[in-house]
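Worksheet: the structure to be examined is printed underneath.
The values are calculated or read from the model by the stated rules, or taken from the named source; none is laboratory data. Computed from a prediction, not measured in an experiment: that's the story for all the values here. All Cβ positions, even for glycine, are placed from backbone atoms using ideal geometry, and neighbour counts span all protein chains on display.
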Amino acid sequence: MSKSGDVSQPGSREPIHYGTLLVVEGRDMFGFFLALLKELGLQNRVEVRNGGGVPDLYNYLAVLPLVTGFDAVTSLGVVCDCETDPVTAFRDLCNSLRRAGLAVPTAVMQPTVPPPLPRLQVALLPDATSPGMLETLLWRSLLGHPFLPCVEQYLACIRQQTGQPLAYEDKSRIYSYIAGREQPWLLLGQAAHARYFPWSSSVFDEIKSFLQNL
């Protein structure tokens with residue numbers, strides 16, 4: 001686990017400066033949430049940390065209370081992907097919070113009631129009931145975009161040529177979409193900052209509310 005001064009790196013032990021902290025799963029989610037917080041005007045109120053991918057995220061939560069400044073955190077949000085099973089994802093995340101000695105919410109998007117502090121709230125992507133990930137949410141936001149049929153035709157060709165399903169359908173879709181944009185080299189978080197995804201889409205309403213209520 002990194003102890004780098006760069007908070008974009010997984011597991012940063014840099015001192016925490018804000019009373020509201022958001023820990024997310026991995027580099028892409030870190031960049032995405034920085035962009036969305038800026039869109040909402042919350043970039044100077046919510047501090048974001050990259051917890052790394054699972055299981056590194058769980059390990060980071062265990063050491064988070066030891067990071068300088070954590071004792072002043074009054075509100076903590078944690079976000080991870082559902083992957084194949086949202087029920088299992090929520091259960092595993094709650095178990096990691098419990099092992100870390102942190103408050104454990106009773107449901108997704110349901111904040112804990114202090115004491116103890118910090119008040120804690122978790123979110124799953126794309127939502128609390130659907131398998132998938134951040135890229136699933138982003139693909140939903142692109143509904144009606146003229147590139148979508150092109151992306152699906154390309155990926156259908158890949159499946160036909162390989163004779164196999166794609167390992168991560170929505171990741172392949174999103175990076176194929178980015179490849180067709182003005183700066184095809186952008187990573188997902190960078191693409192979010194470049195506004196390649198429509199923040200006005202209603203699919204972002206729930207996660208916006210989550211951030212606003214931290």
Which of the following residues is in contact with a Cys (Cβ under 7 Å, 6 or more places away or on another chain) and among the hydrophobic types (A, V, I, L, M, F, W, C): Leu188, Leu137, Leu125, Leu143?
Leu125
So, Leu148, is that one over 20 Å from the mean Cα position of the chain (by Cα) and loosely packed, with under 14 Cβ neighbours inside 10 Å or not?
no
Please specify each residue of segment 56-81 satisfying the condition of being within 20 Å of Asn213 (Cβ to Cβ) and either aromatic (Phe, Trp, Tyr) or crowded, with 22+ Cβ neighbours inside 10 Å (or both).
Leu76, Gly77, Val78, Val79, Cys80
Per-region count, segment 190-214, residues of a type in the set (A, V, I, L, M, F, W, C) and in a helix (DSSP H, G or I):
7
If you check every pair at least six apart or on different chains, which have Cβ atoms under 6 Å apart with a residue in segment 92-116 that is of a type outside the set (Phe, Trp, Tyr) first and a residue that is exposed (fewer than 12 other Cβ atoms within 10 Å of the Cβ) and assigned to a loop (DSSP other than H, G, I, E, B) second?
Ala103/Pro116
Whether any residue in segment 29-40 is in contact (Cβ under 8 Å) with a residue 24 or more places away in the chain, exposed (fewer than 15 other Cβ atoms within 10 Å of the Cβ) and among the basic types (Lys, Arg) is what I want to check.
yes
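Residues are listed down the side, and each one gets a yes or a no for (1) modelled with pLDDT under 95; (2) not assigned by TED's automatic domain parsing to the domain that holds Ile174:
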{"position": "Asn50", "(1), (2)": "no, yes"}
{"position": "Tyr58", "(1), (2)": "no, yes"}
{"position": "Phe70", "(1), (2)": "no, yes"}
{"position": "Leu102", "(1), (2)": "no, yes"}
{"position": "Met109", "(1), (2)": "no, yes"}
{"position": "Thr112", "(1), (2)": "no, yes"}
{"position": "Pro115", "(1), (2)": "yes, yes"}
{"position": "Gly144", "(1), (2)": "no, no"}
Selection from segment 2-51 of residues that are assigned to a loop (DSSP other than H, G, I, E, B) and among the hydrophobic types (A, V, I, L, M, F, W, C):
Val7, Ile16, Leu42
Residue check for Arg181: farther than 19 Å from Leu34 by Cα, surrounded by fewer than 18 Cβ atoms within 10 Å (Cβ to Cβ), in contact with a helix residue (DSSP H, G or I) (Cβ under 8 Å, 6 or more places away or on another chain) and not aromatic (Phe, Trp, Tyr):
yes
Out of the residues in segment 119-130 that are surrounded by 18 or more Cβ atoms within 10 Å (Cβ to Cβ) and either small (Gly, Ala, Ser) or farther than 24 Å from Arg98 by Cβ (or both), state the one that is farthest from the chain's Cα centre (by Cα).
Ala128
